[in-house]
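What follows is one structure encoded as structure tokens, with my remarks underneath.
The values are calculated or read from the model by the stated rules, or taken from the named source; none is laboratory data. Nothing here was measured: the structure is a model prediction, and the numbers come from that model. All Cβ positions, glycine included, derive from the backbone under ideal geometry; neighbour counts span all protein chains shown.
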Amino acid sequence: MTEQIRVVIADDHQAVRSGVATILATDPTISVVAEVEDGFSAVEACTKYSPDVALVDLRMPGTDGIWATERITSHTDTRVLVLTTYDSDELVAEALAAGAHGYLLKSASGPELVQAVRHVAQFHHVIDPAVAGGIIERLVAVKALPHSGMRQAPLHKALTEREQEVLELVATGMTNQAIADHLNIGVTTVKTHIASLYSKTGVTSRVELGQLMFM
């Protein structure tokens, strides 16, 4: 028997939640364990049900999707797939920096949504083709940073070589586990470096850390 992919849906529109649940129900290996309407409830649901994937909208009342994504990926093993109408490069970058494994527009077809959920559940990253171009441009910019004037800034002189590496990987949207695997170090060590980055930069979230790379 194929193991079920457990999913939480977070969107402030009941019709959207129902529609997404109906689409996911077409795949017998996917099971929706909770539907919630705001970011805080999404975090609570992921903590309570330990789903494999959380589908999170960006704009919800009270606490938004970026806030929820950062807390879900920081405090649970759930992977986040952002499902939204917004195609802004800035929002895509913020979502990935917050730890999202995927970013999909609501204009995606049913089969595309199902496939995206399955890919994210398997720890793959999924980016909607409509927004992929902007992300590629940002990654190219990060790769070019060693030759830019940015690294001459006092802030970056204060960082160790390893902290700089971790900062660059956070900016690409990697989770702590992915960074640990990439650098061949422990997750606890990654968390220590990120804590040091918070202290040295004065920022308080992964989103803000990621944005430092594009300022």
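For this structure, a couple of remarks:
- All helices (runs of 4 or more DSSP H) inside the range 97-215 with 1 or more residues being at pLDDT 70 or above and under 23 Å from PRO51 (Cα atoms): 110-121, 176-183, 187-201, 206-212
- The number of residues in the range 100-126 being buried (at least 21 other Cβ atoms within 10 Å of the Cβ) and within 15 Å of GLU90 (Cα to Cα) comes to 4.
- Selected residue (criterion: surrounded by the most Cβ atoms within 10 Å (Cβ to Cβ)) from residues of the range 1-12 that are at pLDDT 95 or above and more than 15 Å from VAL82 (Cα to Cα): ILE5
- Within the option set GLU94, GLU35, GLU90, being among the charged types (D, E, K, R) and over 17 Å from the mean Cα position of the chain (by Cα) holds for one residue only, GLU35.
- Filtered residue count, the range 74-91, keeping only those that are touching a residue at least 12 places away in the same chain (Cβ under 8 Å), among the charged types (D, E, K, R) and either buried (at least 23 other Cβ atoms within 10 Å of the Cβ) or not in a loop (DSSP other than H, G, I, E, B) (or both): 2
- Conditions (1) in contact with a Pro (Cβ under 9 Å, 6 or more places away or on another chain); (2) buried (at least 19 other Cβ atoms within 10 Å of the Cβ); number of the one not met by GLU94: (1)
- Number of residues in the range 27-46 that are touching a helix residue (DSSP H, G or I) at 6+ places or on another chain (Cβ under 7 Å) and either more than 18 Å from PHE123 (Cα to Cα) or of a type in the set (A, V, I, L, M) (or both) equals 10.
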